[in-house]
Amino acid sequence: MSSDSSKVQLGKRLFFDQRLSRNGRWSCADCHRPEQGYALNRPRSPGGVAGGGFRNVPSLMNTVHQQQWGREGRHRQLPAMVAEMFESPFTLALDPLLLEQRMAQDPDYVRMFSEAGYPQISAANAYAAVAEYLRILTSRNAPLDTGTLSAAARRGKALFEGRAGCLHCHSGALLSDGQAHSLGLLARPGHLSELADREALLAYALAHDLEEVATLQQDPGHFTVTGRRDDWGAFITPSLRELNHSGPYMHDGRFYSISQVVEFYYFGGGPDSRKSPLLRPLDLTLEELNDLIAFLESLSGQPLTSERYLWSQGYPAAYPTTRYWSSHPAGEKQ
Ligand code: HEC
Ligand code: HEC
């Protein structure tokens, strides 16, 4: 086995391993589900160990081809996003030291790190290996790529690129320009009525030093990255690949179906005044809207649920563990 595929194997084992969360109950795959386009079919994230979430879980399909990560674009390196997912209380909540301890006491990880050519078992190498696994999560056989668009989808493609104006922002192989835009979405009443969800937003505000911590009602989006008021509520244009598997849609998962999204664009987007000037009500007939939907439905390929993508060998139930399974080795943590 080449060391590249050994890295993918290692990354895959890490991705599905619930033992690598603080309470031993969460893995990456619990929120990024293979059969759901490596996203999660519910509006907001369940919030991992801490519980609570204010954003929809994005698909990891083709994520390796993005230029920035996080819905507002806060990370410029994929391993940094992976690191956050391991460490954040709202995902796996696992300190890098504990991650290292837990990997080092599983003989299979010891072997796999060495096979993959990593000089040591470290959190940084684990993040890199998971990023290697994410590299193989790319679209397979979408009608757009295989040249098998139906007549309706072909008409929809012409509208998408022409009168509907979608191509302004959804361009290139990912159907994303990688830029932040506001669609004018306002927070919906009751959106964060769950205390745990509000707490997740509060934690985010604190972590990003936002002044409006106490009063924050809405996801600030790209404002967090630039500090520019105009970027309030703007998000990086998502890829439109694998939509058939990855709903619900938008940063807060407010739309359940592709047709709901198209209806939203038909009326020119949301009411917020910071909305991109590129959004206008669409002058399309019902038939044309259906063609547009047919095109959006042709951007998805086969779900990646075969042996190549899943870790199906399980994890050893019993092996000698060190003293440091759930606490830090004394003195090593500041
Ligand atoms: C409790 C649910 C949950 C778990 C567990 C989880 N994630 Fe995520 N993931 C999310 C959410 C929600 C986002 C969007 C976060 C944001 O924009 O703030 C996200 C975003 C990402 C992104 C960025 C995607 C993009 O398009 O910008 C990557 C990559 C990612 N997760 C990988 C992982 C990996 C690897 C793991 C395991 C180490 C993991 N996630 C565990 C919920 C989860
Ligand atoms: C001004 C730039 C812009 C234009 C024009 C635009 N979009 Fe988008 N689109 C975005 C952004 C930004 C998001 C994510 C917003 C969010 O998460 O709140 C998005 C989200 C979506 C989503 C949801 C994807 C997901 O996984 O959640 C779909 C579907 C979509 N757009 C289709 C279209 C179609 C069809 C058109 C043309 C009618 C179009 N877009 C025009 C910027 C744009």
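Which of the residues that make up the range 171-195 are outside any loop (DSSP other than H, G, I, E, B) and surrounded by 15 or more Cβ atoms within 10 Å (Cβ to Cβ)?
Ala180, His181
Out of (1) among the β-branched types (Val, Ile, Thr); (2) more than 10 Å from ligand 1 (Cβ to nearest atom); (3) closer than 19 Å to Asp252 by Cβ, what's the single condition that is false for Ile121?
All conditions pass for Ile121, except number (3).
Looking only at residues that are within 9 Å of ligand 1 (Cβ to nearest atom) and among the hydrophobic types (A, V, I, L, M, F, W, C) in the range 10-27, which one is farthest from Gly51 (Cα to Cα)?
So, considering only residues that are within 9 Å of ligand 1 (Cβ to nearest atom) and among the hydrophobic types (A, V, I, L, M, F, W, C), the one farthest from Gly51 (Cα to Cα) is Leu14.
Taking the criterion of being touching a Ser or Thr at 6+ places or on another chain (Cβ under 6 Å), touching a residue at least 60 places away in the same chain (Cβ under 8 Å) and not polar (S, T, N, Q), would at least one residue in the range 298-315 satisfy it?
Checked the range 298-315: at least one residue is touching a Ser or Thr at 6+ places or on another chain (Cβ under 6 Å), touching a residue at least 60 places away in the same chain (Cβ under 8 Å) and not polar (S, T, N, Q).
Consider the range 19-59. How many of its residues are part of a loop (DSSP other than H, G, I, E, B), touching a Leu at 6+ places or on another chain (Cβ under 6 Å) and under 19 Å from Phe255 (Cα atoms)?
4
Yes or no: Leu94 assigned to a loop (DSSP other than H, G, I, E, B), within 7 Å of ligand 1 (Cβ to nearest atom) and in contact (Cβ under 8 Å) with a residue 12 or more places away in the chain?
Answer is no for this residue.
Please determine whether any residue of the range 280-292 is of a type outside the set (A, V, I, L, M, F, W, C), farther than 25 Å from Thr148 by Cβ, at pLDDT below 95 and more than 16 Å from ligand 1 (Cβ to nearest atom).
Scanning the range 280-292, I find no residue that is of a type outside the set (A, V, I, L, M, F, W, C), farther than 25 Å from Thr148 by Cβ, at pLDDT below 95 and more than 16 Å from ligand 1 (Cβ to nearest atom), so the answer is no.
Hey, can you tell me all the residues within the range 65-91 that are part of a loop (DSSP other than H, G, I, E, B) and either touching a residue at least 60 places away in the same chain (Cβ under 8 Å) or within 16 Å of ligand 2 (Cβ to nearest atom) (or both)?
Matches in the range 65-91: Gln66, Gln67, Gln68, Gly70, Arg71, Glu72, Gly73, Arg74, Pro89, Phe90, Thr91.
Scanning for something of a type in the set (Asp, Glu) and crowded, with 20+ Cβ neighbours inside 10 Å, does the range 70-83 turn up at least one residue?
The answer is yes, given that some residue of the range 70-83 is of a type in the set (Asp, Glu) and crowded, with 20+ Cβ neighbours inside 10 Å.
It is to be established whether one or more residues within the range 94-117 are polar (S, T, N, Q), touching a Ser or Thr at 6+ places or on another chain (Cβ under 8 Å) and in the same structural domain as Ala207 (by TED's automatic domain parsing).
Looking through the range 94-117, none of the residues is polar (S, T, N, Q), touching a Ser or Thr at 6+ places or on another chain (Cβ under 8 Å) and in the same structural domain as Ala207 (by TED's automatic domain parsing).
Pull up the range 213-247, narrow it to residues that are closer than 19 Å to Ala187 by Cβ and part of a helix (DSSP H, G or I), then point me to the one that is nearest to ligand 2 (Cβ to nearest atom).
Looking at residues that are closer than 19 Å to Ala187 by Cβ and part of a helix (DSSP H, G or I), I get Asp231.
Check whether at least one residue in the range 179-202 is closer than 23 Å to Asn41 by Cβ, within 15 Å of ligand 2 (Cβ to nearest atom), in contact with a strand residue (DSSP E or B) (Cβ under 6 Å, 6 or more places away or on another chain) and not polar (S, T, N, Q), and report yes or no.
No, the range 179-202 contains no residue that is closer than 23 Å to Asn41 by Cβ, within 15 Å of ligand 2 (Cβ to nearest atom), in contact with a strand residue (DSSP E or B) (Cβ under 6 Å, 6 or more places away or on another chain) and not polar (S, T, N, Q).
The values are calculated or read from the model by the stated rules, or taken from the named source; none is laboratory data. Only a predicted model underlies this, so the values are computations on that prediction, with no experimental measurement involved. When we count neighbours, we look across all protein chains shown, and the Cβ atoms used for this are built from the backbone with ideal geometry, even at glycine.
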